[in-house]
Structure formats: C-alpha cells, structure tokens
1. Need the failing condition index for Leu34 against (1) open to solvent by 50 Å² or more (accessible area, probe 1.4 Å); (2) modelled with pLDDT of 95 or more; (3) under 20 Å from Leu139 (Cβ atoms); (4) of a type outside the set (Lys, Arg), just the number.
2. Mind listing whichever residues of segment 54-84 are among the polar types (S, T, N, Q) and either under 21 Å from Ala29 (Cα atoms) or part of a strand (DSSP E or B) (or both)?
3. Can you spot a residue in segment 85-102 that is part of a helix (DSSP H, G or I) and either acidic (Asp, Glu) or over 26 Å from Asn133 (Cβ atoms) (or both)?
4. Within segment 68-102, restricting attention to residues that are crowded, with 19+ Cβ neighbours inside 10 Å and aliphatic (A, V, I, L, M), which residue is modelled with the lowest pLDDT?
5. Take the residues of segment 132-144 that are surrounded by fewer than 19 Cβ atoms within 10 Å (Cβ to Cβ) and without any contact (Cβ under 8 Å) to a residue 60 or more places away in the chain: which is nearest to Asn105 (Cα to Cα)?
6. Using the structure shown, decide if Thr55 is touching a residue at least 60 places away in the same chain (Cβ under 8 Å) and among the hydroxyl-bearing types (Ser, Thr, Tyr).
7. With respect to Thr47, is the statement that it is in a strand (DSSP E or B), in contact (Cβ under 8 Å) with a residue 40 or more places away in the chain and of a type outside the set (Lys, Arg) true?
8. Mind listing just one residue for me: the one in segment 42-59 that is surrounded by fewer than 23 Cβ atoms within 10 Å (Cβ to Cβ) and closer than 13 Å to Val92 by Cα and, of those, nearest to the chain's Cα centre (by Cα)?
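The values are calculated or read from the model by the stated rules, or taken from the named source; none is laboratory data. Remember, predicted model here, so these are calculated numbers, not experimental data. Neighbour counts are summed over all protein chains in view; Cβ atoms, including those assigned to glycine, are modelled from backbone coordinates with ideal geometry. All accessible areas refer to the heavy atoms of the entire protein, side chains included, with ligands and DNA or RNA removed. Shrake-Rupley method; radii C 1.70, N 1.55, O 1.52, S 1.80 Å.
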Amino acid sequence: NYHVREFEKKVSKFFKSKYCLAVSSGTAAIKIALKAMGVKPGDEVITQAFNFIATVEAILDCGAKPVMVNVDKTLNMCPKELKHKINRKTKVIIPVHMLGVSCRNKEIFKIAKKKNIKILEDNCESVGGKYKNKYLGTLGDIGIFSLDYGKFITTGEGGLILTNNKTYFNYCKAYH
C-alpha cells in the first residue's frame, strides 16, 4: 500500500495533476470516473467507434447508453459528427487519444464547453503525449490511464485516474 501511494504521488507530480488514484484496471478507472462525474442509468455517454471494448463496458456498467461517433483521418473522434450526437441526455464525452496521437482537443473541448458537457479523457493509448505543453489525460475533467502489460507504462495490471478536481478525486477514492 505504501508503494502505491508513493507511485500515485510521483505520477501526480510528473503529469502536473493535483490528484492521482491508482485502481485495479483501466476499465475500473473509466467506470469510477464516470460515477464521479454523476453518470447514472438513462444518461448517454459519447465515445468513439475505434476503441477498446472496455470504454463501452464501463458506460454500460453505469447503466448509461454508449453513443458512438466515427473517427476521422487521425483515428480519433470526429468533431463534426460529435456535434450531431449530442442531446439533452448527454452527460459525458470520452475522447480516446489513439496510438500516441492526440484527439482534436480544440474542437472537441469547444463543443463540450458550449454544451456544458464533461470530458473524460481515455488516455490508455497515448501516455506521455502532449497537447500545447500539457500531458494528454490532464486536459479534461478527469483523465484515465491503463497500466496493463501492453501499455506504455506497466505495472502488470492496473489503472490511474488523474484530475485537478478535489470533489471528483474524493468520490473516486471513496468509490474504488
């Protein structure tokens, strides 16, 4: 347990995130983050079609409906299609930074801000990548990483939740 807390502090410092919580997997990180963001049955969560199944599983596990957006030439969420998928039930948008390439943050975050929708960054595939000198996974309300054996940083298994929001962090810490 001591080494886990030490690891969380080092990750938090490296990624310049106020809070970091280690959890059992990237999938668990997504579900815990969605719960902290208030996702409940009947809500809709938008993510991209090119993705690992864990993102959709976590959305379903919360009782919410996954809404898929196609990807563009970057293999990331298409902002133009995203605009058309948002409705009054949309609670969170989960862009996934794929294969070391950042999603189209400027457009996606602008859409989310205009519609007052939260952003959960799935950064399992691009740990260490940056956008405007900030690490991917630290731009949205919450960012998650996977630490399984096939990822950029591995502990064999596990996940991380990063946020600057104390309320979200406290919820995640209590929920996990």
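1. (1)
2. Start the filter on segment 54-84 by keeping residues that are among the polar types (S, T, N, Q), which leaves 55, 70, 74, 76.
Hits for segment 54-84 are Thr55, Asn76.
3. Applying the first criterion (part of a helix (DSSP H, G or I)) to segment 85-102 yields 85.
Keeping just the survivors that are either acidic (Asp, Glu) or over 26 Å from Asn133 (Cβ atoms) (or both) gives 85.
Checked segment 85-102: at least one residue is part of a helix (DSSP H, G or I) and either acidic (Asp, Glu) or over 26 Å from Asn133 (Cβ atoms) (or both).
4. Applying the filter and picking the extreme gives Met98.
5. Selected residue: Lys132.
6. Numbers: touching a residue at least 60 places away in the same chain (Cβ under 8 Å): yes; among the hydroxyl-bearing types (Ser, Thr, Tyr): yes.
Yes; evaluated as a whole, the condition is true for this residue.
7. Working: in a strand (DSSP E or B): yes; in contact (Cβ under 8 Å) with a residue 40 or more places away in the chain: yes; of a type outside the set (Lys, Arg): yes.
Yes.
8. Across segment 42-59, the extreme among qualifying residues is Val56.
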